[in-house]
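Engineer: So that we are looking at the same thing, I have put the structure below in structure tokens.
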Amino acid sequence: MAKKSRAKAIYVLNGPNLNLLGTREPDVYGRTTLSDIGDMTAARAQSHGYDVVFSQSNHEGELVEWIHEAREAAAGIIINAGAYTHTSIAIHDALRALSCPIVEVHLSNTFAREEFRHHSYISPVASGVIVGFGANSYLLAVDAVASLIEEAAI
């Protein structure tokens, strides 16, 4: 039996170039499209009783605006900021203003890749990080953020 939908949604925010999933470097990122990941994520969140707001932008400012919106509207956030993970102090600062759980997610194992990908501006403000499980990283992130939301409610 599915749980009743909760008032606040889980925001799933995706950064630059993730709109190209399925065709961009499939040996690194797989063949699953971002649309497929959105559907998978929504189904998993629904099993926990949450709706999903699933968004992607190639623009840093738009991601910051969505994070600001999430301050009031989100029960938790899952973020794959793409390359902004390694460069954006603005996204870091926006995330710091949140009081809900934040889970950073990456399809590939960033620590097995180029050295510049080893540093994240998001990790210090995230509740946890999930890397390297392909599209399943998002499903693991939904489970994690749902668990963190429930723990905070106790």
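The values are calculated or read from the model by the stated rules, or taken from the named source; none is laboratory data. These numbers were taken from a predicted model, which means no experiment stands behind them. Cβ coordinates were reconstructed from backbone atoms using ideal geometry, including for glycine residues, and neighbour counts include every protein chain displayed. Heads up: the accessible areas ignore ligands, DNA and RNA and are worked out on the full protein's heavy atoms, side chains in. Shrake-Rupley method; radii C 1.70, N 1.55, O 1.52, S 1.80 Å.
Engineer: Quick check: at a probe of 1.4 Å, how many percent of the accessible area of the chain sits on carbon and sulfur atoms? Spell out each step's value before the answer.
Structural biologist: Details: 3930 of 7610 Å².
About 52 percent, which is the carbon plus sulfur part of the accessible surface.
Engineer: Further question on the same structure: Among Gly61, Gly132, Gly15, which one shows the biggest mean-square fluctuation in a GNM of the chain, springs joining Cα atoms closer than 10 Å?
Structural biologist: Of Gly61, Gly132, Gly15, the Gaussian network model singles out Gly61 as fluctuating most.
Engineer: Could you compute the net charge surrounding Ile89? Neighbours are other residues with a C-beta less than 12 Å from the C-beta of Ile89; K and R count +1, D and E count -1.
Structural biologist: Values: positive: Arg96; negative: Glu60, Asp93.
Every neighbour counted, the sum reads -1.
Engineer: Now a separate question. With label points built 7 Å along Cα→Cβ from the Cα atoms of Asn58 and Ser123, find their separation and express it in nm.
Structural biologist: Roughly 2.8 nm, to one decimal.
Engineer: Also, I was wondering about something else. Specify which residue in the list Ala94, His106, Ala135 is farthest towards the positive end of the charge dipole of the chain, using unit charges on the beta carbon of Lys, Arg (+1) and Asp, Glu (-1), about the Cα centre.
Structural biologist: Working it through, the farthest residue towards the positive pole turns out to be Ala135.
Engineer: With each label point set 7 Å from Cα along the Cα-Cβ vector, what nm distance links His68 and Val28?
Structural biologist: According to this spin-label approximation, the distance is 3.1 nm.
Engineer: Which value, in Å², gives the accessible area per residue of region 9-153 when a 1.4 Å probe is used on the protein heavy atoms?
Structural biologist: Details: 6500 Å² over 145 residues.
Value for region 9-153: 45 Å² per residue.
Engineer: Based on C-alpha coordinates, I'd like the Rg and Dmax of the chain, in Å.
Structural biologist: 14.4, 46
Engineer: Contact order normalised by length for the chain, with contacts defined as Cα pairs under 8 Å and 6 or more residues apart; what percent is it?
Structural biologist: Values: 285 pairs, mean separation 40.7, N = 154.
Relative contact order, the chain: 26 percent.
Engineer: Same structure again: What FRET efficiency comes out for the pair Ile89/Ala152, r = Cβ-Cβ distance, R0 = 25 Å, nearest 0.05? Could you put the intermediate results ahead of the total?
Structural biologist: Numbers: r = 27 Å, r/R0 = 1.06.
Efficiency at R0 = 25 Å is approximately 0.40.
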